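Asker: Could you have a look at this structure, given as structure tokens, before my questions?
The values are calculated or read from the model by the stated rules, or taken from the named source; none is laboratory data. Bear in mind that the values here come from a model prediction, so they are computed numbers and not experimental data. Ideal geometry is used to build each Cβ from the backbone, glycine not excepted, and the neighbour counts take in all protein chains shown.
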Amino acid sequence: MISLSAAAGALRLLLASGLGAGSRQSIGVVLCGGVVFSTLLSLLVVPLAYETAARWTGAHPSRQRARAGTHRQDAAELPKLRRNT
């Protein structure tokens, strides 16, 4: 929402006309382009980098589910241990 409102605010600069419009249009291009680029970066690249790092380090959810099978057996034995104490 913030990115959308920032791009909409810079749209006025991008569509400027009249005296000094050239400098305003160049600022509008930089602002709109930067907001769009940073939004795409945060929505696409950062999650993909996180996913890649999680797979590389072994913290990926699919590997955690595979490890969880051993924890279920331990959890089933827990009531037996509690009865003995």
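Asker: For the condition charged (D, E, K, R), more than 16 Å from the chain's Cα centre (by Cα) and surrounded by 11 or more Cβ atoms within 10 Å (Cβ to Cβ), what is the one hit in Arg12, Arg55?
Answerer: Details: Arg12 fails: surrounded by 11 or more Cβ atoms within 10 Å (Cβ to Cβ).
It is Arg55.
Asker: What is the one condition in (1) surrounded by 11 or more Cβ atoms within 10 Å (Cβ to Cβ); (2) modelled with pLDDT of 90 or more; (3) out of contact with any helix residue (DSSP H, G or I) (no Cβ under 6 Å at 6 or more places or on another chain); (4) of a type in the set (Gly, Ala, Ser) that Gly28 does not satisfy?
Answerer: Tallying (1) surrounded by 11 or more Cβ atoms within 10 Å (Cβ to Cβ); (2) modelled with pLDDT of 90 or more; (3) out of contact with any helix residue (DSSP H, G or I) (no Cβ under 6 Å at 6 or more places or on another chain); (4) of a type in the set (Gly, Ala, Ser), Gly28 fails exactly one: (3).
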